[in-house]
Structures are given as structure tokens and as C-alpha cells.
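The values are calculated or read from the model by the stated rules, or taken from the named source; none is laboratory data. Not measured: the values here are computed from a predicted model. Please note: Cβ atoms are built from the backbone with ideal geometry, for glycine as well, and neighbour counts cover all protein chains shown. To get the accessible areas, we keep the full protein, side chains included, count just its heavy atoms, and leave off ligands, DNA and RNA. Shrake-Rupley method; radii C 1.70, N 1.55, O 1.52, S 1.80 Å.
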Amino acid sequence: MSQTQKITTTAVEDESMFLLPDQEGDEAPASEDYYERHEIIADKQQTLIRLDKFLMDRLANRSRSKVQNAIKAGSVTVDDREVKPNYKVKPGNTIQIVLPKSVEDAFEILAQDIPLDIVYEDEDVMIVNKPFGLAVHPGVGIPNGTLVNAVAWHLQQQADALPVKDGNNPDRAGIVHRIDKDTTGLMVVAKNEYAMTHLANQFFHHTIERRYQALVWGNLEEDEGTVEANIGRNPNDRKLFMVFPEGEDGKWAVTHWKVIERFYYVTLVECRLETGRTHQIRVHMKSIGHTLFGDPRYGGNQILKGTIFSKYKHFVENCLKLIPRQALHAKVLGFTHPRTGQHIRFESALPDDMQQVIEKWRTYLQSRKEVE
């Protein structure tokens, strides 16, 4: 085995993310922190060797099945081309591999009987409609009572009722992306290692379709647009994230938005994500002057637009009581199914709190037009 090949690794950026004080299940990790990427350049004196064996020799603590799953899932490329496990590595080849990283490994997962709204399920994936207030995974201050705990219980019940099939194992199911604790909507859960690897690769290459609906403060001047700005932690308050417009810090992030319905002082928009940074929509929309309605962390639970009249103030306060969180819902989720290769797409209705607030703004806008 050559001892001089170059290995470059991009993994979870900061293990201390699991140790944040007062984390509230709402800060970390970002969707991009659910995978790790390695690049290996074979030495010029490299002898011919099967790709799977080559990777097992160079990646610590990686089983043969994990490596072969990654190759079969298309998560391994040689000189930017997908190959088979028996491909013979040649001198100078550049091998890239994307592997899922289970953030659950940082905590002992207790299976808990927590209700799940399962939209779809087969032997490889589950689509869950996450409610308001449910953290995705344990963190400091939230040792259990999360979506991960609920999924562990659900899969444990299946394992008790049916024999484990094709690698499905409640201990191996994985979260491959996240949404904030107080954001509602669709998430995909991988039920086995192969599915987890396949989905992580799709997230890495930004081919997953993710569309959110958000109620934001203000009347946007255009009907659609794009925010492309780096996002990172606010150095003055680590609970907050912020835009770094010059790109000198933070991570690259892209959000496409378009107007769905205007209510004069607030607007219903659709946001389509290319990347999955922590608080991405909340931070990007705030950066262009349109903070999410009700968002307590970024000031959206204050009256940011409108008149000073007490009647209007009372109306907005009533709306905020209906939705004591950011008005954000993960409405559409689409991806290539790991097993069939078919594109599947799911859509969920807005939760009751958002629907009620939107209807109140519709009524307000209509009454305003009648007065005018």
C-alpha cells in the first residue's frame, strides 16, 4: 500500500456544536453537517487494487458494507465518474466519497413512545410531518423527547413485529437533514445504512427539492428573487446567526423566494433552498428586511410594519398569540428514492396556527380595501 497518497477530509465542522449551552434543540447541526466528504488522490506508484478495498484501507472505522453501500449509492466517484466496487484504482486517480455522519452517535438514544405523523413509509425511508415544538434530535438541555427518540420507538415496534429485513435496524436508522424545533413540516428519515448514504449524497449535491412557506414582515418590492449570502454565527450572540455579505466568514448559502400572497404589511412567500444552513430562511429573509412573522429569536414577534393605531396593534398582538413561533413550514420535499431510482415528491398542508394567522390577515386586508 502506498504511504504517500493525499487525503482531504471535510466533515462535521465543530464537535463542540453538541455542547452549546441553552441549545433548545434549535441551533445545530445544519443539514450539511449530516455528512462528511473525503478526497483521496492515489499515489503515482499505486498498485492496482479494488476500489472497495482501497477505501477500507484508507478510511478509519469503515466497514466493508459501509464502503460498498456508498459505491452502490453513487456516493463514490473516481475522476468525477461513478464506478463499481470492483473498479481497480490506478495511479493518480482522484477518489471522492460522501458518507453520512450520524449526529445521534453523540448521545445515547432512548426509544420513546412519542406520536409521529407519518406521511409515507416503505422499507427504506419514512416521511414525517414534524409538529411545532418537537426537536429533531437530542442536545444539551434536551436529552430525549425528540423526533429521533420517536423514530427509534417506531422502528423498534416494527422490528419486534417483523424480522429485520435488508439491513433495516432501529439502531441504524438515520436523520439526514433537519428543521428547527419550532418549524413545522416534512422530513425524510433513512431506515437503513444504504438509504442513509444515498440520501446524504443527494443533500451534498443539492438535488433534494425543499420548498418552505413563510409569512414575513413587509411588502416585498419584487415578485421573486434570490438571496445568496454567507451565513455564520453572530460573534456577539452565539444563539443567533447572521449574514456575512462580503463572504469573509460563514458558509455559502442560497435561498430562492417568490411571493404567494400579499397582505400589505406582511407577505406569504415560498422559499426554495439550495443549501441547508442553520436558520437559513430566517436569517436570509431578515437580511433583506423581511423578518419572519412571529420569530422570537430574530425580532419577528414585534410589530415591524404598519400603523401606530391601537386597533392595528391589538390585531397584530392577537395574531402573534396564535403563532408564538416563526411562521415557517417545510411544505414540499422531493428526492430520488434510494431503492427504485424514481423521483418522489410529498406536500403537506400548512399547520393550523399558520392557516389561522393568514386568514386573519386576509380578513384585515379586505376590510382595509373596503375602507379605502
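Note on segment 293-324: among residues that are assigned to a loop (DSSP other than H, G, I, E, B) and of a type in the set (A, V, I, L, M, F, W, C), the one that is farthest from the chain's Cα centre (by Cα) is F309.
The condition of being surrounded by 15 or more Cβ atoms within 10 Å (Cβ to Cβ) and closer than 27 Å to H205 by Cα holds for only one of H284, H290, that being H284. Is it the case that segment 348-370 has a residue that's assigned to a helix (DSSP H, G or I), at pLDDT 95 or above and among the aromatic types (F, W, Y)? Yes, segment 348-370 has at least one match. Only residues that are under 19 Å from D43 (Cβ atoms) and in a strand (DSSP E or B) were counted across segment 75-95, and they come to 7. Total residues in segment 293-332 satisfying the condition of being within 17 Å of Q356 (Cβ to Cβ), open to solvent by less than 30 Å² (accessible area, probe 1.4 Å) and aromatic (F, W, Y): the figure is 1.
For segment 61-75, a residue qualifies if it is polar (S, T, N, Q) and either open to solvent by 50 Å² or more (accessible area, probe 1.4 Å) or in contact (Cβ under 8 Å) with a residue 24 or more places away in the chain (or both), and the qualifying residues are N61, S63, S65, N69, S75.
Residue by residue through segment 38-52, note down the ones that are crowded, with 18+ Cβ neighbours inside 10 Å and touching a strand residue (DSSP E or B) at 6+ places or on another chain (Cβ under 7 Å). Within segment 38-52, H38, I40, A42, Q46, L51 meet the criteria.
Select from segment 76-97 the residues that are modelled with pLDDT under 90 and open to solvent by less than 50 Å² (accessible area, probe 1.4 Å) and list them in ascending order. Within segment 76-97, P85 is the sole residue that qualifies. Selection within segment 315-346: residues that are touching a strand residue (DSSP E or B) at 6+ places or on another chain (Cβ under 8 Å) and of a type in the set (K, R). The member of this set that is farthest from N192 (Cα to Cα) is K331.
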